[in-house]
1. In the Gaussian network model of the chain, springs joining C-alpha atoms below 10 Å, which of Leu40, Leu100, Leu130 carries the largest mean-square fluctuation?
2. HN-Hα J couplings of the stretch 107-115 from phi, Karplus 6.51/-1.76/1.60, θ = phi - 60°, integer Hz, Gly and Pro as x?
3. Under a crude label model (7 Å from the Cα following the beta-carbon direction), how far is Ala11 from Lys45 in nanometres?
4. With θ set to phi - 60°, apply the Karplus curve 6.51 cos²θ - 1.76 cosθ + 1.60 along the stretch 13-18 and write out the HN-Hα couplings as whole Hz, x wherever there is a Gly or Pro.
5. With θ taken as phi - 60° and the coefficients 6.51, -1.76 and 1.60, list the Karplus ³J(HN,Hα) couplings across the stretch 123-135 in order, rounded to whole Hz; mark glycine and proline as x.
6. Can you give the FRET efficiency for Thr98 and Leu33, using 1/(1 + (r/R0)^6), R0 = 22 Å, r = Cβ-Cβ distance, to the nearest 0.05?
7. Can you sort Asp126, Asp74 so the residue with the fewest Cβ neighbours within 10 Å comes first?
8. Return the FRET efficiency for the residue pair Leu58, Leu82: r is the Cβ-Cβ distance, R0 is 25 Å, and the value is rounded to the nearest 0.05.
Amino acid sequence: MPKKSLETDLALQTGHSHYINYFLTGIHALAALAGAINSLPVWAKLAILAAVAVNYRLASRRWQRAPAKIRYTDSQKWQIELNGEYQSVQILPETVLTTLAIFLSFKYANKRYHWLIAKDCLSAADYRKLLVKLKITQSHR
């Protein structure tokens, strides 16, 4: 009887995360509140509030960009879609896998990149598949 391989192909597309949006909004709301209730002059408070608002706008634009794609193939290992094409990447050992989020660290073209994949970016089954596949491939290193 042939032995089944655990190394099967996997292709996933992440969506937008409500968890990340709520976290981002909450952190910026706390920063705005801290800027508003401090004992600085009114002009300084307004400058802090403006800086927080600009930072929130820039950060929310970054999180609202197009969904990303990741896949694993037996032949080419891990690939991530960069600039419209799948590129082979090396998943680094400092990748952190939790039940709520995956803090993916990978190397591409001799540069290190980091990617936060929240649990709600994928369906529950796809998130579990990605988590298991990352655990399996990390243990083989």
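All of the numbers you see were taken from the coordinates with simple rules; none came from a lab. Bear in mind that the values here come from a model prediction, so they are computed numbers and not experimental data. Positions of Cβ are backbone-derived with ideal geometry, glycine not excepted, and every protein chain shown enters the neighbour counts.
1. Highest fluctuation among the options: Leu40.
2. 10, 9, 6, 6, 10, 8, 10, 10, 9
3. 5.6 nm
4. 10, 7, x, 7, 9, 6
5. 5, 4, 5, 5, 4, 4, 4, 5, 4, 5, 5, 5, 4
6. Working: r = 28 Å, r/R0 = 1.29.
Once the sixth-power term is evaluated, E becomes 0.20.
7. Numbers: Asp126 16, Asp74 9.
The most exposed by this proxy come first: Asp74, Asp126.
8. Numbers: r = 21 Å, r/R0 = 0.85.
Efficiency at R0 = 25 Å is approximately 0.70.
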